[in-house]
Every structure is written in C-alpha cells, then in structure tokens.
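A short write-up of the structure that comes next.
The values are calculated or read from the model by the stated rules, or taken from the named source; none is laboratory data. Just so it is clear, the structure is predicted and the values come from calculations on it, not from any experiment. Reconstructed Cβ throughout: ideal geometry from the backbone, glycine too, with neighbour counts over all protein chains shown.
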Amino acid sequence: MSYNKYFKLRNIQNDFYHNYKIPKYILKIINEIKPEKILDYGCGTGQLMSELKKLNKDVMGMDSSDEAIEIAKKNNLDVVKINNLNEDKTDHKNKYDLIIISHVLEHHKKEDMYKLLNNLKYMLKDKKYLLTMVPNAQAITGSYWRYEDFTHEYLFTTGSLYYVLSDSGFEKIEFLDIYATSDLKFPYNFLRFLSLKFYQILKNILLKLTGNSYHKPSLDIFTYEIKCLSKKK
C-alpha cells in the first residue's frame, strides 16, 4: 500500500507529523548510550530523522514506501528502500549502535516479526541497542488501536514483547517511561502518575473480585504505548 493511500484511508492529513518533536525519553537514551550511527527502520517521511540530524547525529532511514522515501529525500535525508525482509543487507552488517523501530512491529505477522528482528540484529553492532515502540494491548484503548488501524496484525503487552525480543536474541530488556510522564511538567506529570497508579489498584481489586489474573512477572503498563530498550547479545 502506498504511503499517501494509507493516510487517506485512515482519514489522516499528510502533515500529521509536521510539528514532531523528539520525546524526552529518546533524548535521554541518546545522551546515555551516545550512539555514533543510528538507523530509523520504518522511518516514513523522516520526522524523527530530521530532529536527530539537528542534534548532529549520523542517522539513516529505511522504509518500504516509495512516496515516503521521496518526501524524506527532498528533506535531504538518507533513506534506502526496503523491498522485503529477506533481502541482502550485507552493506549494513554490524553497522549501527542504535536501531529505532517506532510502531513497525505490530504491522507484521508473527512469523515475519522474527525475520524482521533477526535482520535488525544482523545490522546492529554487538552489544548495541534496539529501541522498540508498539501499541499497548493492556491500555484502555488497546482494542481500539488493534482494530482502528486496519493494517495492524498484533498488539503487545510487556510480556509478549519481552518474549519475542528475548526469543530473537536480545537481552537486558528494559521498559521505559511506563507512566508516559517524560514530556509532562509538574503538576501534570504527577496527576498522570497518580491516575495510573489508582487505575492499577482498581484493576487489581477487580481481578480478585472476578477471579481473574495477570501473568505476575510481566510489568503492568496502562498507557497506549510500550517503549522498550534492549541489547543485542
């Protein structure tokens, strides 16, 4: 499906990302790990890449949409075409210190997720990082995001994301900004934190009353997005 057709079918304006700013949790990661080379896989028109370039970062993008790539290149961004998950990426072997996949994984079938993650691992340097963002099935809006975007194949909880990353050869899996407060100032960050803690307590009470349960080792996150940093073994 073309990039413009996707936006048209979802009734979204093409300038949706016009005022995009890098979330603070991403800035924090970049400041901590100091990557020399970054890959934005599934970069779209390159809104994240543009902001990373402003930080003087060496960033490359990959995408499957010719239209998105054309827009990105008009903005002087370095983007290459993804034709399929099995294509030869020898030129990119062990090349990147950080690969970012923002809302990409959920558009793939389960068997293709493994192909994708293995390719990303192939392009990462040893012991370097993968930053993954996916919609959260455990959020109030979980069912909405599963079915609102017709191209979604799957949603994640922390447990299922941990599973597929671990099974694909990633370790030290860390969930980030679990209350989605990094871009909020006081008192709004505190109010969101309290609201989500209250929601968690209420959910736990209802689980007990109704004889239900969650998988205890999995971290409860109730915001619409799960953000996760992992490392190539």
Next item on the list: Considering only segment 166-179, state which residues are touching a Lys or Arg at 6+ places or on another chain (Cβ under 7 Å) and among the small types (G, A, S).
Entry: S168, G169
Next item on the list: Please go through segment 35-52 and pick out each residue that is within 19 Å of the chain's Cα centre (by Cα) and not aliphatic (A, V, I, L, M).
Entry: P35, K37, D40, Y41, G42, C43, G44, T45, G46, Q47, S50, E51
Item checked: Criterion violated by Y162 - all others in (1) surrounded by fewer than 18 Cβ atoms within 10 Å (Cβ to Cβ); (2) at pLDDT 95 or above; (3) not in a strand (DSSP E or B); (4) not hydrophobic (A, V, I, L, M, F, W, C) satisfied -> (1)
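Being of a type in the set (D, E, K, R), surrounded by fewer than 13 Cβ atoms within 10 Å (Cβ to Cβ) and part of a helix (DSSP H, G or I) is the filter here; which residues of segment 73-106 pass it?
K74, D91, listed by residue number.
Any chance segment 224-231 includes a residue that's charged (D, E, K, R), touching a residue at least 40 places away in the same chain (Cβ under 8 Å) and not in a strand (DSSP E or B)?
Applying the first criterion (charged (D, E, K, R)) to segment 224-231 yields 225, 227, 231.
Filter once more, so that each one left must be touching a residue at least 40 places away in the same chain (Cβ under 8 Å): 225, 227, 231.
From what's left, not in a strand (DSSP E or B): none.
No.
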Margin query: Out of S143, S213, I need the residue that is polar (S, T, N, Q), exposed (fewer than 14 other Cβ atoms within 10 Å of the Cβ) and in a helix (DSSP H, G or I). Which one?
Written below: S143
Check: Among I140, I205, I178, I201, which is the only one that is farther than 23 Å from E36 by Cβ, in contact with a strand residue (DSSP E or B) (Cβ under 9 Å, 6 or more places away or on another chain) and of a type outside the set (G, A, S)?
Finding: I178
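If you take the residues in segment 117-140 that are without any contact (Cβ under 8 Å) to a residue 60 or more places away in the chain and over 23 Å from L202 (Cα atoms), which one is surrounded by the most Cβ atoms within 10 Å (Cβ to Cβ)? Break it down into steps so the answer makes sense when it comes.
Of the residues in segment 117-140, the ones without any contact (Cβ under 8 Å) to a residue 60 or more places away in the chain are 117-119, 122, 137.
Restricting the remaining residues to those that are over 23 Å from L202 (Cα atoms) gives 117-119, 122.
Values: L117: 23, N118: 12, N119: 19, Y122: 14.
Looking at the filtered set, the residue picked out is L117.
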Margin query: Contact list please: Cβ distance under 7 Å, first residue in segment 82-100 and more than 22 Å from G44 (Cβ to Cβ) and among the hydroxyl-bearing types (S, T, Y), second residue crowded, with 17+ Cβ neighbours inside 10 Å and at pLDDT 90 or above, pairs at least six apart or on different chains.
Written below: none
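Answer yes or no: is there a residue in segment 58-69 that is within 28 Å of F175 (Cβ to Cβ), hydroxyl-bearing (S, T, Y) and in a helix (DSSP H, G or I).
Keep residues of segment 58-69 that are within 28 Å of F175 (Cβ to Cβ), which gives 58-64.
If we keep only those that are hydroxyl-bearing (S, T, Y) as well, we get 64.
Cutting the leftovers down to in a helix (DSSP H, G or I) gives us none.
No, that holds for no residue.
Residues checked against (1) closer than 21 Å to K233 by Cα; (2) modelled with pLDDT of 95 or more; (3) not in a loop (DSSP other than H, G, I, E, B):
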| site | (1), (2), (3) |
| --- | --- |
| D112 | yes, yes, yes |
| N118 | yes, yes, yes |
| Y122 | yes, yes, yes |
| K128 | yes, yes, yes |
| L131 | yes, yes, yes |
| P135 | no, yes, yes |
| Y147 | no, no, yes |
Note to self: Step by step: first the residues of segment 25-62, then only those that are without any contact (Cβ under 8 Å) to a residue 40 or more places away in the chain and of a type in the set (D, E), then the one that is farthest from Y96 (Cα to Cα). Which residue is that?
What the structure shows: E51
